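Following: one structure in structure tokens, then a few remarks.
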Amino acid sequence: MLKKAKYLIGSVCLVVLLCTASAFADVSGVSASLGTTTVNTAAQYTVTFTTGASGALSSGSSDTIVITFPTNTTVLASVSAGSDITVNGTNISTAAAGSGQNLTINTPVDIGNSTGVTVIISSSANVINPSTPGSSYTINVHTSVEGTEVASGSYAITASITELSVGSVTVTPDTIGNYGQYSFQITIAADGALLGGSGQISVTFPGGTNVPAAYASGDITVDGNNVSTASGAGQVVTLTTPINLNASTAYTIIFTTNADIRNPATTGAGYTLSASSTAQLTAGTSPNYTITTSSSALTVGAVTVTPNTISNIGEYNFGITTSSDGALLAGEIIYVTFPAGTNVPAVY
């Protein structure tokens, strides 16, 4: 009899465990599709999933669907009741609540066990796509009955097709071979916003400009804010914006003289630079700017000639002082003109 009782208790426990496991099954088949995949754009999100075997939800109760969007997606704190969000074709009757990346929706319809659910969040709900393009974004779904978050398949966020607008470039000093301060504006497109600390801008300087590989904090600024992360490769400097760059807004980028950007060694009036961003991959080009020669004379010191007797081959020793805008790159030329009557060989 005792043995029978043990078996009976074991069977009851097994039934309880099976029931418990069934009651806490997860949603499944989560997918997400977007009406537009462009960065920084209010998009329609269509989210589908299937409730579990014990995942029924009731309207008019506290049963909810929770959709968790990826980081850098903007979710409003509240989405009004009405057609901005529908569940299986029915408008929500209670405002949906946003908190961080979560959007919590009270179901306006009864949903059965093992039943397909379609949630449509229209673009008027103002869920804004991330500012960084990528191909592996996912959303998570759970409900008040089935609490485990289940991820969707991946979806892509694409860059803006609008080129980044680049304004006039001011170079100070603008003389050949000098370390110049480069100042210019960029204007962010309506769908080109960048997040501070992650959004990047790439600036391409013209050939002949010497571009270092490394930069200290403060060598470059964005609207007066020090850039702490930047690197150069070839003619391109890629920097991480230290502040949020809002849509349809102009910002000033300055490469200070401490950045050691060295002007080309050749004068010209047709120099341009270009810039793009992680949100706007199509680079915009600046208007032409000019690199000139210095208007200051080279200072020549006293000349010592040894020996200084007529018709001798003499050593000529003198100093020169470059002006504040007269720096020379290694390999550039200094012209020395001797007085008439001095014999100057053709080869050295």
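The values are calculated or read from the model by the stated rules, or taken from the named source; none is laboratory data. Keep in mind it's a predicted model, so treat the numbers as computed, not measured. So basically every Cβ, Gly included, is an ideal-geometry build from the backbone, and we count neighbours across all protein chains shown.
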- Item | Failed item in (1) over 16 Å from the mean Cα position of the chain (by Cα); (2) closer than 30 Å to ALA159 by Cα; (3) among the small types (Gly, Ala, Ser); (4) part of a loop (DSSP other than H, G, I, E, B), with GLY232 passing the rest | (4)
- Message: Based on this model, can you work out whether VAL222 counts as surrounded by 17 or more Cβ atoms within 10 Å (Cβ to Cβ), under 18 Å from SER168 (Cβ atoms) and without any contact (Cβ under 8 Å) to a residue 40 or more places away in the chain?
- Response: yes
- Could you figure out which of (1) part of a loop (DSSP other than H, G, I, E, B); (2) aliphatic (A, V, I, L, M); (3) closer than 24 Å to SER276 by Cβ; (4) over 25 Å from the mean Cα position of the chain (by Cα) isn't true of VAL171? (1)
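Give GLY319, GLY331, GLY314, GLY341 a once-over and let me know the one that is out of contact with any helix residue (DSSP H, G or I) (no Cβ under 7 Å at 6 or more places or on another chain), surrounded by 11 or more Cβ atoms within 10 Å (Cβ to Cβ) and either at pLDDT 85 or above or of a type outside the set (A, V, I, L, M, F, W, C) (or both). Don't jump to the end; show me each part of the working.
Details: GLY319 fails: surrounded by 11 or more Cβ atoms within 10 Å (Cβ to Cβ); GLY331 fails: surrounded by 11 or more Cβ atoms within 10 Å (Cβ to Cβ); GLY341 fails: surrounded by 11 or more Cβ atoms within 10 Å (Cβ to Cβ).
Going through GLY319, GLY331, GLY314, GLY341 in turn, just one is out of contact with any helix residue (DSSP H, G or I) (no Cβ under 7 Å at 6 or more places or on another chain), surrounded by 11 or more Cβ atoms within 10 Å (Cβ to Cβ) and either at pLDDT 85 or above or of a type outside the set (A, V, I, L, M, F, W, C) (or both): GLY314.
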- Note on the structure: Output for Cβ contacts, cut-off 6 Å, separation at least six or different chains, first residue within 15 Å of ILE67 (Cβ to Cβ) and in contact (Cβ under 8 Å) with a residue 12 or more places away in the chain in the range 103-118, second part of a strand (DSSP E or B) and among the small types (Gly, Ala, Ser), reads LEU103/ALA96; THR104/ALA97; ILE105/ALA96
- Note on the structure: In the range 174-193, anything in a loop (DSSP other than H, G, I, E, B), buried (at least 17 other Cβ atoms within 10 Å of the Cβ) and at negative phi is listed as ASP174, ILE176, ASN178, GLY180, ILE188, ALA189, ASP191, GLY192, ALA193
- Task: Could you identify the single residue in THR37, THR41 that is hydroxyl-bearing (Ser, Thr, Tyr) and modelled with pLDDT under 95?
- Result: THR41
- Query: Which fully enclosed strands (runs of 3 or more DSSP E) of the range 260-348 have 3 or more residues being closer than 28 Å to THR172 by Cα and touching a residue at least 12 places away in the same chain (Cβ under 8 Å)?
  - Reply: 268-271, 274-277, 289-291
